[in-house]
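Student: Shown below is the structure under consideration.
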Amino acid sequence: MPDDRPVALDEYPVHQVPLSMKHVATGDRNAYDRCIFHVFDHQGRALLVLGLGVYPNMGVIDAYATLRVGDTLHAVRASDALADDTRMRMAVGPLRILVERPLRDFVLSCAADPDDPDGLSYEINWSADFPALWEPHHLQRRGARLTLEGRRFVQAGRCDGWFRVAGKETRLSGDGWTATRDRSWGTRPLPGEEGGRLAEEHRTEGFHWLWCPVRFDDRFLMVVTQEDADGYRTLNDATLVRPGQRDRQLGWPQAEITYRSGTRHPERATVHLGDLRKPLELGVEILASSPLAVGAGYPPADDWQHGTWQGRGWTDRRTYDLSDPAALGVAAYGVTDHAARFTLDGRTGYGIFEHGSFGRHDPSGFTGFDSVAP
């Protein structure tokens, strides 16, 4: 029997190319389609980061959830072979994302482990308060090689539900919690990406990244920047979304980040925004931090990374002590998601201050990969 049959999605008029929806329009091994959700309280006591990804040319679907409470990071990861119905049933092992209303309402769940009742489990209703916002088209090259091309949108909202861990249940209420999410697809380097002479001749001197979705009661702000070692900006956007009004562009954001001495861990920041009418300052106070290279599968994680074949029905649960320098060694070269309190024009909001700074970055005074704040 042939193994290439139409899949359920082929019944709908959603095709972009003359292929089954089982396939993507590129043979690039790095093709991906995934999402990330953030759920956190306004006191910095809990930060949940979770996501799910499909890697069609690797034949893999995987998902993860990490919850930081105190200095302990509780992680659940799952991976499986990609099945024909995956795009309509977003579930791997104990982890599931149910789309109740596209762009509006989701149910995020993690089933309890019957062998470890004190392990992480949750069921959370995630609801959008603002329309989804496109991020700039994202491109990266290594010499002539296109290594990343992504289409992305971002959104902010609220959540309710519960999570259980270490024998304690925590209830989530809309007033004291904020929720954000990002959705992206395209091509993005996966483990095993080719190196060779091209990589040797085009080594990365430095990379500086800032990504901030911020929810206020009556507006949503998105700021994203990416810079090379000399400060040359390859990604830039600052957009304010207000219901019933045209989106407002806030120019060329410039961040002043105060780092913890001896590290590149941000403690607070001021992001200068504005247009010709009124310069603005976005104040940032870090509440809780979750390094994506610890537990969540982002590079340079050394125990599991997205898109890698782990076999059928693989599930892994573990905890990390984030006060242990050994756990944080790899995190220094990965992006970290910080739950943060923000101030803007007399308003207080909450969101994610996602930041990564590696190698040389002239505007910050970093001279190389071993350079840290004084």
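The values are calculated or read from the model by the stated rules, or taken from the named source; none is laboratory data. In this text the structure is predicted, and so the values were computed from the model without any measurement. Because the Cβ atoms are built from the backbone with ideal geometry, glycine has one as well, and the counts that use them run over all protein chains shown. Side chains included, ligands, DNA and RNA excluded: accessible areas come from the protein's heavy atoms. Shrake-Rupley method; radii C 1.70, N 1.55, O 1.52, S 1.80 Å.
Student: Assess whether residue 21 counts as being within 28 Å of residue 147 (Cα to Cα), among the aliphatic types (A, V, I, L, M), under 19 Å from the mean Cα position of the chain (by Cα) and surrounded by fewer than 22 Cβ atoms within 10 Å (Cβ to Cβ).
Tutor: No.
Student: Return the only residue of 69, 39, 54, 107 being open to solvent by less than 10 Å² (accessible area, probe 1.4 Å) and within 30 Å of residue 320 (Cβ to Cβ). Don't jump to the end; show me each part of the working.
Tutor: Values: 69 fails: open to solvent by less than 10 Å² (accessible area, probe 1.4 Å); 54 fails: open to solvent by less than 10 Å² (accessible area, probe 1.4 Å); 107 fails: open to solvent by less than 10 Å² (accessible area, probe 1.4 Å).
Result: 39 is the single residue among 69, 39, 54, 107 that is open to solvent by less than 10 Å² (accessible area, probe 1.4 Å) and within 30 Å of residue 320 (Cβ to Cβ).
Student: Go over the candidates 225, 263 one by one and state the one that is surrounded by fewer than 15 Cβ atoms within 10 Å (Cβ to Cβ), hydroxyl-bearing (Ser, Thr, Tyr) and under 23 Å from the mean Cα position of the chain (by Cα).
Tutor: Only one candidate qualifies: 263.
Student: Only residues that are of a type in the set (A, V, I, L, M, F, W, C), at pLDDT 95 or above and either surrounded by fewer than 20 Cβ atoms within 10 Å (Cβ to Cβ) or more than 15 Å from residue 180 (Cβ to Cβ) (or both): list them for the stretch 150-169, please.
Tutor: 153, 162, 163, 165
Student: Sort through 75, 8 and tell me the only one that's aliphatic (A, V, I, L, M) and open to solvent by 40 Å² or more (accessible area, probe 1.4 Å).
Tutor: Working: 75 fails: open to solvent by 40 Å² or more (accessible area, probe 1.4 Å).
Exactly one residue qualifies, and that residue is 8.
Student: Here's another thing I want to ask about it. What is the one condition in (1) at pLDDT 95 or above; (2) open to solvent by 10 Å² or more (accessible area, probe 1.4 Å); (3) of a type outside the set (Ser, Thr, Tyr) that residue 300 does not satisfy?
Tutor: (1)
Student: Does the stretch 319-374 hold any residues that are in contact with a Pro (Cβ under 8 Å, 6 or more places away or on another chain) and in a helix (DSSP H, G or I), and which are they?
Tutor: Within the stretch 319-374, 328, 330, 331, 333 meet the criteria.
Student: Out of 250, 292, which single residue is under 19 Å from residue 349 (Cα atoms), surrounded by 14 or more Cβ atoms within 10 Å (Cβ to Cβ) and either modelled with pLDDT of 95 or more or in contact with a strand residue (DSSP E or B) (Cβ under 7 Å, 6 or more places away or on another chain) (or both)?
Tutor: On the way: 292 fails: under 19 Å from residue 349 (Cα atoms).
Of the residues listed, the single one that is under 19 Å from residue 349 (Cα atoms), surrounded by 14 or more Cβ atoms within 10 Å (Cβ to Cβ) and either modelled with pLDDT of 95 or more or in contact with a strand residue (DSSP E or B) (Cβ under 7 Å, 6 or more places away or on another chain) (or both) is 250.
Student: Just wondering, is there one or more residues in the stretch 207-220 that are part of a loop (DSSP other than H, G, I, E, B), among the aromatic types (Phe, Trp, Tyr), without any contact (Cβ under 8 Å) to a residue 40 or more places away in the chain and under 24 Å from residue 281 (Cα atoms)?
Tutor: Looking for residues that are part of a loop (DSSP other than H, G, I, E, B), among the aromatic types (Phe, Trp, Tyr), without any contact (Cβ under 8 Å) to a residue 40 or more places away in the chain and under 24 Å from residue 281 (Cα atoms), one finds none in the stretch 207-220, hence no.
Student: Same structure, new question: Any idea which residue in the stretch 114-132 is farthest from residue 93 (Cα to Cα), counting only those that are modelled with pLDDT of 95 or more and part of a strand (DSSP E or B)?
Tutor: Residue satisfying both the conditions and the ranking: 128.
Student: Within the group 312, 268, 277, which residue is in contact with an Asp or Glu (Cβ under 9 Å, 6 or more places away or on another chain), assigned to a loop (DSSP other than H, G, I, E, B) and open to solvent by 70 Å² or more (accessible area, probe 1.4 Å)?
Tutor: Answer to the selection: 312.
Student: Could we say that residue 130 is free of Cβ contacts under 8 Å to residues at least 40 places away in the same chain and more than 28 Å from residue 319 (Cα to Cα) here?
Tutor: no
Student: Sticking with this structure for a sec: For the stretch 133-143, give me each residue that is without any contact (Cβ under 8 Å) to a residue 24 or more places away in the chain and part of a loop (DSSP other than H, G, I, E, B).
Tutor: In the first step, residues of the stretch 133-143 are kept if they are without any contact (Cβ under 8 Å) to a residue 24 or more places away in the chain; the result is 134, 137, 141.
137 - this is the single residue of the stretch 133-143 that is without any contact (Cβ under 8 Å) to a residue 24 or more places away in the chain and part of a loop (DSSP other than H, G, I, E, B).
Student: If you go through the stretch 239-262, how many residues are in contact with a Lys or Arg (Cβ under 9 Å, 6 or more places away or on another chain) and part of a strand (DSSP E or B)?
Tutor: Going through the stretch 239-262 one residue at a time, the tally reaches 6.
Results for (1) under 22 Å from the mean Cα position of the chain (by Cα); (2) farther than 30 Å from residue 82 by Cα; (3) modelled with pLDDT under 95, shown as yes or no for each residue.
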{"site": "272", "(1), (2), (3)": "no, yes, no"}
{"site": "275", "(1), (2), (3)": "no, yes, yes"}
{"site": "296", "(1), (2), (3)": "yes, no, no"}
{"site": "310", "(1), (2), (3)": "yes, no, no"}
